[in-house]
Amino acid sequence: MAPGLKEVIEALVFVSLEPLSLEKIKETLTDHPPDEIEKNLRELIGDYQAPGRGISIIQSGGGYVFTTRREFDPWVRRFLKIDRKSKLTPASLETLSIIAYHQPITLSEISALRNVDSSYTVKTLLEKRLIKITGRKKSPGNPLIYRTTDRFLTTFGLNSLDELPTEEEIARILGEDKTDEEKESS
């Protein structure tokens, strides 16, 4: 008996080392109509959202990946002997957000925006593979140009940079937080 399309898609997502894009699935399964592939993928995701599962399929980093369900995190961490998530320092988060919002960007531009030398922080982000070097700027000294990586998207649960909050959304959130704090102190 030949496997069903949904099971084939499940196997492809399972063996993929990176988030598996819908385009790559369609490229692989050329013997099936694209709308049938999309329908089966949606059904598969729905199957994994049902109760009684320890894992799910989510869309992240521009593709689909298996992930453990959040409610099982304490046991998974204990099994893998992970004490806590490797957190980014405030300086790393600040630098990473500058790169995400201003890319492509050079080290001197990052340092100017932060008003502090950012060499060490950029090196750390490169080691964590959250950013990458994508070339050199055609300006005096030919400085390196930095961009975020697919790992950045996956780490922060984003499919694309378009999902980053806009300046208006951030201002509204910060404004709402300030209003809440003012209410609490009254």
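Brief remarks on what is shown
- Of all the criteria given as (1) more than 30 Å from E23 (Cα to Cα); (2) loosely packed, with under 13 Cβ neighbours inside 10 Å; (3) not assigned by TED's automatic domain parsing to the domain that holds I37, the one not satisfied by D73 is (3).
- Among residues of region 55-68 that are farther than 16 Å from A11 by Cα and part of a strand (DSSP E or B), those with a Cβ under 8 angstrom from a residue that is modelled with pLDDT under 90 and among the small types (G, A, S), sequence gap 6+ or separate chain, pair up as S60/G157.
- When residues of region 113-127 are limited to those that are touching a Ser or Thr at 6+ places or on another chain (Cβ under 8 Å) and of a type in the set (D, E, K, R), the one farthest from F152 (Cα to Cα): D117
- Residue within region 133-144 that is closer than 12 Å to L96 by Cα and either of a type in the set (D, E) or surrounded by fewer than 16 Cβ atoms within 10 Å (Cβ to Cβ) (or both) present: no
- Qualifying residue in region 82-89 (condition: in a helix (DSSP H, G or I) and loosely packed, with under 14 Cβ neighbours inside 10 Å): no
- For region 108-165, filtered to residues that are in a helix (DSSP H, G or I) and more than 20 Å from A91 (Cα to Cα), the residue that is modelled with the lowest pLDDT is T154.
- Matching residues, region 12-54, being of a type in the set (A, V, I, L, M), surrounded by 13 or more Cβ atoms within 10 Å (Cβ to Cβ) and not in a loop (DSSP other than H, G, I, E, B): L12, V13, L20, L22, I25, I37, L41, L44, I45
The values are calculated or read from the model by the stated rules, or taken from the named source; none is laboratory data. Quick caveat, the model's predicted, so the values are computed rather than measured. When we count neighbours, we look across all protein chains shown, and the Cβ atoms used for this are built from the backbone with ideal geometry, even at glycine.
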